[in-house]
1. Search the stretch 199-242 for residues being without any contact (Cβ under 8 Å) to a residue 12 or more places away in the chain, within 54 Å of the chain's Cα centre (by Cα) and closer than 23 Å to Tyr415 by Cα, and hand back the single one that is surrounded by the most Cβ atoms within 10 Å (Cβ to Cβ).
2. Quick one: which residue in Asp280, Asp272 is charged (D, E, K, R), in contact (Cβ under 8 Å) with a residue 24 or more places away in the chain and in a loop (DSSP other than H, G, I, E, B)?
3. For the condition within 18 Å of Glu96 (Cα to Cα), outside the structural domain of Ser321 (by TED's automatic domain parsing) and out of contact with any Ser or Thr (no Cβ under 6 Å at 6 or more places or on another chain), what is the one hit in Ala135, Ala148?
4. Please go through the stretch 178-200 and give me each residue that is of a type outside the set (A, V, I, L, M, F, W, C) and more than 16 Å from Thr51 (Cα to Cα), ordered by number.
5. Quick test for you: out of Asp127, Asp55, pick the one residue that is under 16 Å from Ser172 (Cα atoms) and in contact (Cβ under 8 Å) with a residue 60 or more places away in the chain.
6. Would you mind stating whether Gln294 is outside any loop (DSSP other than H, G, I, E, B), touching a helix residue (DSSP H, G or I) at 6+ places or on another chain (Cβ under 6 Å) and not acidic (Asp, Glu)?
7. Report, by residue number, each residue of the stretch 416-464 that is more than 34 Å from the chain's Cα centre (by Cα) and among the aromatic types (Phe, Trp, Tyr).
8. Give Leu310, Leu330, Leu315 a once-over and let me know the one that is in contact (Cβ under 8 Å) with a residue 40 or more places away in the chain, under 30 Å from Val97 (Cα atoms) and part of a strand (DSSP E or B).
Amino acid sequence: MKPALSLLTACLLLAACNSPAPRLESGVVATAAWQSAGAAQTLQDNRQWWTRFADPQLNALIEQARQGSFDLAAAVARVKQARAAVTVAGGPLLPEVKASGNASREKLLRGNGYTQLDADSDNKAVDYFDASLTATYEVDFWGGRAAAYDSARESLRASEFDRATVELTLLSAVASSYVQVLALQEQGQIAELNLANARQVLELVQTRFDAGSATALELAQQKSLVASQQRQVPLIRQQAQDALIGLALLLGQPVQQVQVNRAGFDRLRWPDIGSGVPSDLLSRRPDIARAEAQLAAAQADVKVARAAMLPTLTLSANLGSGADAASDILRNPFYTLTAGLVGPIFNNGRLSAERDRARARQEELLSTYRGAIVNGFADVEKALNGIDGIDQQRQWQDEELQQAQRAFDIAESRYRAGAEDLLTVLETQRTLYAAQDLNVQLRLARLQGSVALYKALGGGWQAD
């Protein structure tokens, strides 16, 4: 009995000494500041970043997306699965207790019976009743069970971070699609106004042609411009409807149930966004946190694979009782204690291959973790660079639009007075329309740039 107790004591001591492996470092060093000169150093609280655009319609759409998105609902369901997996993985850390009860009857139908039967010609029916309580526990002295539990917990954290990533991606896509719908509606209004303007010039050219002061070439040129402008109107309407369908898809609703107010684009203003320093990003991007949790889970899986290559000790205790009559079932109690030591001897390299696969998976996820960090830095740099470039373009584009409008007004006035040819009017018309359309595009790019920066900074998410 003493050798068995010594073995059990050694196993329990090994289990007590087991400790989780230290986390792997990414090895990626964050720079002291962003490259963009206009990046603000103070990182703001962006947990509800969409409200900073001060657009109630956008706020409502964000809430609809949270309630109706099937992608987000699927991510929530994956978190529930991972939470249940943690409970499953934690089960073997404590003894498993089972209760059982049995009742049997053995009856001889004819003959005298034989030696393997309890029933015979004198006692043709034999009843037997028993009940038992069994506890089984596998001693985790190699830490494999605890490592499996740690892996499940890290997988749960990765699943929760994945849900946050899905939500951040969804909400930024809703905001970006929303401003795109507004921009296309604005471009449609500009196209209709330019079409009406081109028709007015066509009426003037037609009047002058009828009076003999305009040529057939000038009339044909203006009709061609009107047709070109007319063609743009249904094209932009189609693009706006496609964008609205895409927005409805993100909301998880039919497009017929999604309405966007056309008067919102001019009122939208982009907020000032503090980007902080690159090191802040490591705790504010859910995709980086997910990659880190997946790496930690893989590290625990390596320990599980190593433990599977070593012997296992299983302890069990059984408390039972039996009788020939149901009323006496608890009058004959007994107990049984067993201990079993099992170790792998030959498995054709399967266990070592499982360990090697777990190590390779860990190496893969370490590279994925490093890539997630570098990609996060790049996302912020690109968003900041894009905003800086768009702001510089808009400074000159405002002047371009003003001068294009002034040139067209002068050319049209001089053409009415007969002091300018139609070619100049046509050129100023095209220039004005292009400048107006570019103005909308730059505003859209600036708004989407702000959304992209919020997303790149993690959208206000922060690891607990």
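1. Ser228
2. On the way: Asp280 fails: in a loop (DSSP other than H, G, I, E, B).
So the residue among Asp280, Asp272 that is charged (D, E, K, R), in contact (Cβ under 8 Å) with a residue 24 or more places away in the chain and in a loop (DSSP other than H, G, I, E, B) is Asp272.
3. Numbers: Ala135 fails: outside the structural domain of Ser321 (by TED's automatic domain parsing).
Result: Ala148 is the single residue among Ala135, Ala148 that is within 18 Å of Glu96 (Cα to Cα), outside the structural domain of Ser321 (by TED's automatic domain parsing) and out of contact with any Ser or Thr (no Cβ under 6 Å at 6 or more places or on another chain).
4. Taking the stretch 178-200 first, the residues of a type outside the set (A, V, I, L, M, F, W, C) are 178, 180, 185-189, 192, 194, 197, 199-200.
Of everything in the stretch 178-200, those that are of a type outside the set (A, V, I, L, M, F, W, C) and more than 16 Å from Thr51 (Cα to Cα) turn out to be Gln180, Gln185, Glu186, Gln187, Gly188, Gln189, Glu192, Asn194, Asn197, Arg199, Gln200.
5. Numbers: Asp127 fails: under 16 Å from Ser172 (Cα atoms).
Exactly one residue qualifies, and that residue is Asp55.
6. In short, yes.
7. Tyr433
8. Leu315
The values are calculated or read from the model by the stated rules, or taken from the named source; none is laboratory data. Note that the structure is a prediction, hence the values are computed from the model and not measured. Ideal geometry is used to build each Cβ from the backbone, glycine not excepted, and the neighbour counts take in all protein chains shown.
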